[in-house]
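*Asks:* Below you'll find the structure I mean.
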Amino acid sequence: NASVSTSKICGSVCSFLIACYKDEGMKTYNFHFLSAIAPWDITRKTWVLTEEGKKYAAQGSPEVQLFLAVPEEGSISVLEPKKKLGESIVSFAWKYAKENKWVDMEKSNSQGG
């Protein structure tokens, strides 16, 4: 394979040049020169969304979903978000939304009469 052979040769050339110029104080020049002759040795890392990430991008994270389920004024029954979002989303989201002080739980006694 020609690319493998070229890569091995460039690797050897790069090693040789580094050995020759390491004490010359020309680090910037060496970097640009070596980058030009061996660009395939540079690794580029990128972020990508997973399937779960795509779902959260469309619907919001569980914490945001819970936050949005609670009205800005007033309150909502604990059961409402569970019905709308599901038990697993609410139980997971509650912990982080509570830690971030986005939501809180108020307890009150209802007495008929």
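*Asks:* For the stretch 52-70, which positions are within 18 Å of Asn100 (Cβ to Cβ) and either in contact with a Leu (Cβ under 9 Å, 6 or more places away or on another chain) or open to solvent by less than 100 Å² (accessible area, probe 1.4 Å) (or both)?
*Replies:* Passing the criteria: Tyr56, Gly60, Ser61, Pro62, Glu63, Val64, Gln65, Leu66, Phe67, Ala69, Val70.
*Asks:* Go through the stretch 41-51 residue by residue and tally those that are loosely packed, with under 10 Cβ neighbours inside 10 Å and at pLDDT below 90.
*Replies:* Residues of the stretch 41-51 loosely packed, with under 10 Cβ neighbours inside 10 Å: 42-48, 50-51.
With at pLDDT below 90 added as a condition, the list becomes 42-46.
Here the count works out to 5.
The values are calculated or read from the model by the stated rules, or taken from the named source; none is laboratory data. Small disclaimer: the values here were computed from a predicted structure and weren't measured. Please note: Cβ atoms are built from the backbone with ideal geometry, for glycine as well, and neighbour counts cover all protein chains shown. These area figures cover heavy atoms from the full protein model, side chains too; ligands, DNA and RNA do not enter into them. Shrake-Rupley method; radii C 1.70, N 1.55, O 1.52, S 1.80 Å.
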